[in-house]
Amino acid sequence: MAMKVPTSVSSQSGAQPVQRPRIILAASGSVAAIKFGVLADSLSDWAEVRAVATKSALHFIDRQSLSPSVKLYVDEDEWASWGKIGDDVLHIELRKWADAMVIAPLSANTLGKVAGGLCDNLLTCIVRAWDYSKPVFVAPAMNTFMWENHFTQKHLESVNDLGFVLLSPIPKKLACGDYGNGAMAEPSVIDSTLRLSMHSRESQVKPMVLDSL
Ligand SMILES: Cc1cc2nc3c(=O)[nH]c(=O)nc-3n(C[C@H](O)[C@H](O)[C@H](O)COP(=O)(O)O)c2cc1C
């Protein structure tokens with residue numbers, strides 16, 4: 001699988017190759033997935049991006065508009081890439097490949113599933129296999145009635161316990177015409193939050209202490 005080949009870019013000095021952070025950008029079936037291409041483009045400016053979409057999300061994503069540098073994986077790819085024992089399993093390979101994951105938008109349904117540990121598609125299998133020393137960001141997007149429903153609070157508490165970083169939704173006129181909270185955080189806010197977080201994680205990596213060798 002091409003994912004196994006690390007991609008690097010040269011640093012400004014040209015001396016050392018610099019590994020860009022590897023991010024899984026995943027979308028579930030909220031209307032806000034129409035912004036998926038914009039978010040993929042802005043993350044691609046500074047990170048290596050692999051995209052994942054649920055079946056419902058594909059209703060809102062214009063696949064033709066995605067940059068060719070962003071490979072989009074869907075549920076069928078799990079089975080297309082596996083034929084026999086010993087073959088790579090896509091959700092495990094993606095989980096190994098990534099430094100971080102962002103689910104934007106996060107639908108009420110996928111929130112409920114990941115909160116309960118369910119894993120019946122590519123996106124939720126990646127989350128279920130995740131290494132929680134690496135960050136998972138979630139940007140919920142749903143109608144206000146869903147956002148204010150008791151289940152949302154319960155499910156957010158569960159994913160908060162797992163260490164998920166919540167990119168809070170914002171109040172505005174929603175796609176259904178209602179006004180209220182539940183719209184996905186702006187792609188620019190999601191992008192800058194991830195960029196800052198990944199940058200600060202990189203700078204926390206301690207240099208090797210040579211005199212202890
Ligand atoms: C037109 C339309 C718009 C929808 N918008 C949302 C939404 O904004 N947020 C949400 O949580 N669910 C929304 N849904 C419902 C989800 O698509 C549905 O719960 C689906 O099962 C989600 O699947 P997924 O979580 O696997 O992507 C919408 C459904 C339709 C038909």
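The values are calculated or read from the model by the stated rules, or taken from the named source; none is laboratory data. The structure displayed is predicted, hence computed values, not measured ones. For neighbour counting, all protein chains shown are included, and Cβ atoms are generated from backbone atoms with ideal geometry for every residue, glycine included.
Might you let me know whether region 78-85 holds any residue that is more than 16 Å from the ligand (Cβ to nearest atom), under 26 Å from Asp41 (Cβ atoms) and surrounded by 14 or more Cβ atoms within 10 Å (Cβ to Cβ)? Within region 78-85 (the criterion being more than 16 Å from the ligand (Cβ to nearest atom), under 26 Å from Asp41 (Cβ atoms) and surrounded by 14 or more Cβ atoms within 10 Å (Cβ to Cβ)), the answer is yes, since at least one residue qualifies. Considering only residues in region 15-35 that are in contact (Cβ under 8 Å) with a residue 40 or more places away in the chain and away from the ligand (no atom under 12 Å from the Cβ), the one that is nearest to Met198 (Cα to Cα) turns out to be Pro21.
Out of curiosity, is Leu43 away from the ligand (no atom under 16 Å from the Cβ) and either modelled with pLDDT of 95 or more or assigned to a loop (DSSP other than H, G, I, E, B) (or both)? For Leu43, the condition - away from the ligand (no atom under 16 Å from the Cβ) and either modelled with pLDDT of 95 or more or assigned to a loop (DSSP other than H, G, I, E, B) (or both) - is met. Quickly run through region 99-114 and pick out the residues that are of a type outside the set (Ser, Thr, Tyr) and either near the ligand (Cβ under 10 Å from one of its atoms) or surrounded by fewer than 21 Cβ atoms within 10 Å (Cβ to Cβ) (or both). If the condition is that a residue be of a type outside the set (Ser, Thr, Tyr) and either near the ligand (Cβ under 10 Å from one of its atoms) or surrounded by fewer than 21 Cβ atoms within 10 Å (Cβ to Cβ) (or both), then Asp99, Ala100, Ile103, Pro105, Leu106, Ala108, Asn109, Leu111, Gly112, Lys113, Val114 are the ones that fit.
Over 27 Å from Gly117 (Cα atoms), surrounded by fewer than 13 Cβ atoms within 10 Å (Cβ to Cβ) and within 22 Å of the chain's Cα centre (by Cα) - does that describe any residue in region 182-195? The answer is yes; a qualifying residue exists.
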